[in-house]
Amino acid sequence: MLLFISFFFNLGLLDKIGAQMAMPLPSISNTPVVRITFPNNFDNISLTAPLNISGISSDNEMTDCKVSIIVNNIKPYQEVVALGKKGMSDYSNWSFTPDSNYTNLNQGSNKLTSKISCIGNSGSTLNSTKWYSVNVTGIRYLYPSISNNTGFNLPASRNSNKILPQATTIEQIAPQPDNSTE
């Protein structure tokens, strides 16, 4: 087909017969990408401190993308705050802090899902949408630590993927007999 059109184009016949070739609409050259960078998959998250979710995306000045997030599949998606160097529409870096007006994390399993939606250069068609999720565990009582960005951690030691309780030694001192003479 292309050879056939090329042949007539080279002869100038397409102009003479008024034929028009449909040109494809411009589109995003790369598939968009979005990632949650904090918290990490399988992190323990304090339910008593605010959680600041942060992430990155492939959005840049050449794309028209928006990033949003849902917690535990509770819709609608919530718009995140764009933190990229190019301003309010640069979602290359972003953050979101859920509040009670939207939803709270649950004690136990929670799923955080980020979504990037990009519009074609024509502005009218949705070209691509991608998602990225992490699973975290909401813990009511975490103790202060310097081990992660939340400032909290379980009183436990990590051994590969297992959480092992810390050993606590309790010593009881038996009362000593009174050998003094009064």
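So that you can scan it fast, the table gives a plain yes or no per residue for (1) surrounded by 17 or more Cβ atoms within 10 Å (Cβ to Cβ); (2) at pLDDT 95 or above:
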residue	(1), (2)
81	no, yes
86	no, no
92	yes, yes
95	no, yes
111	no, yes
116	yes, yes
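Restricting attention to the range 77-108, report how many residues are within 16 Å of the chain's Cα centre (by Cα) and not acidic (Asp, Glu).
Start the filter on the range 77-108 by keeping residues that are within 16 Å of the chain's Cα centre (by Cα), which leaves 77-84, 90-98, 105.
Retained after the next criterion (residues that are not acidic (Asp, Glu)): 77-78, 80-84, 91-98, 105.
Here the count works out to 16.
Based on this model, can you work out whether residue 43 counts as touching a residue at least 12 places away in the same chain (Cβ under 8 Å), out of contact with any Asp or Glu (no Cβ under 7 Å at 6 or more places or on another chain), acidic (Asp, Glu) and under 17 Å from residue 128 (Cα atoms)?
Working: touching a residue at least 12 places away in the same chain (Cβ under 8 Å): yes; out of contact with any Asp or Glu (no Cβ under 7 Å at 6 or more places or on another chain): yes; acidic (Asp, Glu): yes; under 17 Å from residue 128 (Cα atoms): no.
Here the answer is no, as residue 43 does not meet what is asked.
For the range 71-84, give me each residue that is over 10 Å from residue 60 (Cβ atoms) and not hydroxyl-bearing (Ser, Thr, Tyr).
Initially, the range 71-84 is screened for residues over 10 Å from residue 60 (Cβ atoms), giving 71-83.
Result: 71, 72, 73, 74, 75, 76, 78, 79, 80, 81, 82, 83.
Restricting the search to the range 22-45, which residues are within 20 Å of residue 90 (Cβ to Cβ) and modelled with pLDDT of 90 or more?
32, 33, 34, 35, 36, 37, 38
Checking residue 48 against (1) at pLDDT below 90; (2) over 19 Å from the mean Cα position of the chain (by Cα); (3) in a loop (DSSP other than H, G, I, E, B), which single condition isn't satisfied?
Looking at each condition in turn, residue 48 falls short on (1).
Quick check on my filter: what residues within the range 28-48 are farther than 21 Å from residue 127 by Cα and out of contact with any Leu (no Cβ under 8 Å at 6 or more places or on another chain)? If you could, list the steps in order and put the result at the bottom.
Residues of the range 28-48 farther than 21 Å from residue 127 by Cα: 36-48.
Listed by number, the residues that qualify are 37, 38, 40, 41, 42, 43.
For the range 52-67, which residues satisfy the criterion of being crowded, with 21+ Cβ neighbours inside 10 Å and either at pLDDT 95 or above or of a type in the set (D, E, K, R) (or both)?
First, the residues of the range 52-67 that are crowded, with 21+ Cβ neighbours inside 10 Å: 53, 55, 57, 59, 63, 65, 67.
Hits for the range 52-67 are 53, 55, 57, 59, 67.
The values are calculated or read from the model by the stated rules, or taken from the named source; none is laboratory data. Only a predicted model underlies this, so the values are computations on that prediction, with no experimental measurement involved. So basically every Cβ, Gly included, is an ideal-geometry build from the backbone, and we count neighbours across all protein chains shown.
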